[in-house]
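A short reminder: the numbers here are calculations on the coordinates, not readings from a lab. The model shown is predicted, which means the values in this text are computed figures rather than measured ones. Cβ placement follows ideal geometry from the backbone for every residue including glycine, while neighbour counts extend to all protein chains displayed.
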Ligand code: FES
């Protein structure tokens with residue numbers, strides 16, 4: 001009996017592995033996980049769409065909405081919170097008329113909140129793409145983001 005259970009377990013590991021691989025392909029191809037693409041795979045592989053979405057929402061690497069060209073990340077860890085990161089996030093949201101996890105209509109910017117990025121000594125920290133900006137003020141980060149519009 002145990003060998004049967006192990007077979008079943010292996011099968012489910014494989015299925016999850018497949019789902020993750022498919023999701024990674026979608027993310028790489030489309031920049032997010034389109035519902036239509038999930039339904040397409042769900043139908044062909046007879047895997048409920050809910051399993052794809054359940055996996056996609058479990059892992060932070062997957063996005064369910066289209067991402068902007070530039071990803072703006074505001075650290076919301078404790079040190080950054082104490083140093084005013086909520087105000088920075090609020091100012092970005094107000095300036096670009098987006099909420100956290102949303103993308104501007106021109107698809108240039110997506111705002112995300114992240115947990116501690118390991119640069120607490122220079123809190124508050126904001127990432128613009130891969131560039132880490134420490135001890136930032138709203139005015140400086142807004143200026144930097146607006147400059148990206150002109151590039
Ligand atoms: S809390 Fe923001 S870098 Fe650590």
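Things to note:
- Degrees between helix 49-58 axis and first principal axis of the chain (Cα, 0 to 90, nearest 10): 40
- 0 to 90° range, to nearest 10: angle between helix 2-30 axis and the chain longest Cα axis: 40
- Given their separation in residues at 0.36 nm each and the Cα-Cα distance between them, residue 40 and residue 90 gain 14.2 nm when the chain is fully extended.
- The calculated FRET efficiency for the pair residue 97 and residue 25, based on their C-beta separation and a Förster distance of 41 Å, comes to about 0.80.
- Value at 222 nm in deg cm²/dmol, rounded to 500, when DSSP H runs of n ≥ 4 in the chain each add -39,500 (n - 2.57): -17000 deg cm²/dmol
- Here the Gaussian network model covers the chain, with springs between Cα atoms less than 10 Å apart; of 23, 64, 45, 45 fluctuates the most.
- Modelled FRET efficiency - R0 41 Å, residue 146 with residue 47, Cβ distances, 0.05 increments: 0.40
- Pairwise FRET efficiency - residue 135 versus residue 114, Cβ, R0 = 22 Å, nearest 0.05: 0.80
- Region 39-150: Rg to Rh, with Rh as the Kirkwood radius over Cα pairs: 1.08
- Once the chain from residue 64 to residue 106 is taken as fully extended at 0.36 nm per residue, the excess over their C-alpha distance is 13.3 nm.
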